[in-house]
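Just so it is clear, none of the values below were taken in a lab; they were calculated from the coordinates. In this text, all values refer to a predicted model and were calculated from it rather than measured experimentally. Note that each Cβ is placed from the backbone with ideal geometry, even for glycine, and that neighbours are counted across all protein chains shown.
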Amino acid sequence: MAFIQEEDTAEIKEQIGELTNEVKVLLFTQSENCQYCGEAEGILEELSQLIDKIKFEKFDIERDAEAAKKYDIKRAPAIVVMGEKDYGIRYYGLPAGYEFVALMNAIRMVGTNNSELAVETVQQLSQVTKPVHIQVFVTPSCPYCPSAVTLSHQFAMASDLVTADAVEASEFPELAMQYNVRGVPRIVVNEEHHFEGALPEQWFVEEVLKAVN
């Protein structure tokens, strides 16, 4: 079964653009209680076949425990998008619907080594002096979610102290309940600070700095 339809390939290539660097896309699966692991593997395999510079690798959380520990992966499916270094860009869940756009954006950024952020935003992020963990809760049917996910991934790429997870809320209901997710996108920074909505870049970075300070 093809997950990427032939009529969509031109649009995908245009969205990702010309990559100058190799992009590693790592998928972590598990043998039990992972409804969408197979679909995630199919999508990423086809994407790597479509674009030469995407290198796909698959791991099992239990069998490849050392790799899971290295990338701090505790649930599946989990996707790591990285280049020569690990920027802290993560996607938990099946990148389907609108969220496929967020995955392509992450691949483009890493593959061109360009966070695509405004200079002012990068300067603000350079003031961060302690670790920042951003979680963006999403659903595949949310048209506003990809922009929030992409901004969080841009921040992770721009600062070594920022890590950013997109989390598909319906696939991880225990996390959605833990962080009181009632609408998406819901953004949680360092466990306690939270806000909702697809904010403009400047407002988003200000919310992140609020959480840090």
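I need the peptides 16-28, 72-84, 192-204 ranked by packing, meaning the mean over residues of other C-beta atoms within 10 angstrom, with the highest value on top. Write down the numbers at each step before the final one.
Details: 16-28: 17.8, 72-84: 20.0, 192-204: 15.4.
Put in order of decreasing packing, that is 72-84, 16-28, 192-204.
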- Message: Which residue fluctuates most in the GNM of the chain (Cα springs below 10 Å): 62, 191, 11?
- Response: 11
- Inter-label distance for residue 178 and residue 9, nm, one decimal - labels placed 7 Å from Cα along Cα-to-Cβ: 4.1
- Within the range 43-57, find all residues whose amide N lies under 17 Å from a label point positioned 7 Å from the Cα of residue 18 along Cα-to-beta-carbon. 51-54
- Flagged as over-length at 21 Å C-alpha distance, from 130/210; 24/70; 53/130; 13/70; 13/58, the pairs are 53/130; 13/70; 13/58
- Proximal aspartates and glutamates relative to residue 85, as straight alpha-carbon distance under 12 Å, when same-chain residues fewer than 8 apart are discounted: 22, 160
- Message: When the expected Rg is taken as 2.2 N^0.38 Å, what fraction or multiple of it is the alpha-carbon Rg of the chain?
- Response: 0.96
- Note on the structure: Semi-axes a, b, c in Å (a largest) for the range 4-105, each sqrt of 5 times a Cα gyration tensor eigenvalue, come to 23, 16, 11
- Nearest 20 debye, what's the magnitude of the dipole of the chain about its Cα centre given +1 on Lys and Arg Cβ and -1 on Asp and Glu Cβ? 560
- Residue of 122, 136, 167 that the Gaussian network model of the chain assigns the largest fluctuation, springs spanning Cα pairs under 10 Å: 122
- Label point distance in nm, residue 116-residue 193, each placed 7 Å from Cα along Cα→Cβ: 2.5
- Relative intensity, log₁₀ I(q)/I(0), of the range 119-212 from a Debye sum that treats every alpha carbon as a point, q = 0.18, 0.22 Å⁻¹: -0.73, -1.06
- Message: Apply the Karplus curve 6.51 cos²θ - 1.76 cosθ + 1.60, θ = phi - 60°, to the phi angles in the range 44-54 and return the couplings in whole Hz, x for Gly and Pro.
- Response: 5, 4, 5, 5, 5, 6, 6, 10, 4, 7, 8
